[in-house]
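*Asks:* Below is the structure I would like to discuss, written out as structure tokens.
The values are calculated or read from the model by the stated rules, or taken from the named source; none is laboratory data. Bear in mind that the values here come from a model prediction, so they are computed numbers and not experimental data. We place every Cβ from the backbone using ideal geometry, glycine too, and count neighbours over all the protein chains shown.
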Amino acid sequence: MRRYRPATSGLRRPFQTTSPSSEPVSRSLIKEGPVYDMWREVHDMGDGTPFAMNVARNKQGHWIGLAREAKYLCDRMGIAPELVGPDDQVCSVGRSLKDGKWYGWSHRAISGFPLRERAAEFARSVS
């Protein structure tokens, strides 16, 4: 019987993500779109190690997520992401231009509602 052995060769460090609230060391525009823009951001991991990633931000500059989240939300679902409230830092609610519903989401779930308040309540409950 073959035993499972985790691959460790070639890994320099465990996978880490940066908080969207951390300011990037540098940012350059990759692609400008009608609802969101793609940016190449370089963040400091805290120990001086740079970490680069492609991120999506809405037209107001608020964090949507990585490229795949933005493509799903904006391109496929037709959602224009926005912040739930002025104190938030991540877009987690938006109105779909395709079906007119308000959607709330987090990294765990997404659901559509007729009212923005319900979508915002849902987004906060699953975050």
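*Asks:* Every residue in the stretch 56-83 that is closer than 15 Å to Tyr103 by Cα, touching a Gly at 6+ places or on another chain (Cβ under 8 Å) and outside any helix (DSSP H, G or I), please.
*Replies:* Ile79, Ala80, Pro81, Glu82
*Asks:* Any residue at all in the stretch 70-82 that's at positive phi and surrounded by 15 or more Cβ atoms within 10 Å (Cβ to Cβ)?
*Replies:* The answer is yes, given that some residue of the stretch 70-82 is at positive phi and surrounded by 15 or more Cβ atoms within 10 Å (Cβ to Cβ).
*Asks:* Another question about this same structure. So for the stretch 38-53 (the condition being over 15 Å from Glu23 (Cα atoms) and in contact with a Leu (Cβ under 9 Å, 6 or more places away or on another chain)), does at least one residue qualify?
*Replies:* yes
*Asks:* Quick check, is Ala52 modelled with pLDDT of 85 or more, of a type in the set (Gly, Ala, Ser) and surrounded by 14 or more Cβ atoms within 10 Å (Cβ to Cβ)?
*Replies:* Values: modelled with pLDDT of 85 or more: yes; of a type in the set (Gly, Ala, Ser): yes; surrounded by 14 or more Cβ atoms within 10 Å (Cβ to Cβ): no.
When the stated conditions are applied, Ala52 does not pass them.
So that you can scan it fast, the table gives a plain yes or no per residue for (1) assigned to a strand (DSSP E or B); (2) under 13 Å from the mean Cα position of the chain (by Cα):
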| position | (1), (2) |
| --- | --- |
| Glu23 | no, no |
| Leu29 | yes, no |
| Met38 | yes, yes |
| His43 | yes, no |
| Phe51 | yes, no |
| Asn54 | yes, yes |
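*Asks:* Applying the selection to the stretch 107-122, what residues are modelled with pLDDT of 95 or more, within 19 Å of Gly78 (Cβ to Cβ), within 19 Å of the chain's Cα centre (by Cα) and outside any strand (DSSP E or B)?
*Replies:* Ala119, Ala120, Phe122
*Asks:* Out of Val25, Val90, report the one residue that is touching a strand residue (DSSP E or B) at 6+ places or on another chain (Cβ under 7 Å) and in contact (Cβ under 8 Å) with a residue 60 or more places away in the chain. Write out each step before concluding.
*Replies:* On the way: Val25 fails: in contact (Cβ under 8 Å) with a residue 60 or more places away in the chain.
Every option except Val90 fails the conditions.
*Asks:* Condition first: closer than 27 Å to Val25 by Cα and either surrounded by 14 or more Cβ atoms within 10 Å (Cβ to Cβ) or without any contact (Cβ under 8 Å) to a residue 12 or more places away in the chain (or both). Can you find one or more residues in the stretch 97-105 that meet it? Before you say what the answer is, go through the steps one by one.
*Replies:* Pass one, the stretch 97-105, residues closer than 27 Å to Val25 by Cα: none.
Looking for residues that are closer than 27 Å to Val25 by Cα and either surrounded by 14 or more Cβ atoms within 10 Å (Cβ to Cβ) or without any contact (Cβ under 8 Å) to a residue 12 or more places away in the chain (or both), one finds none in the stretch 97-105, hence no.
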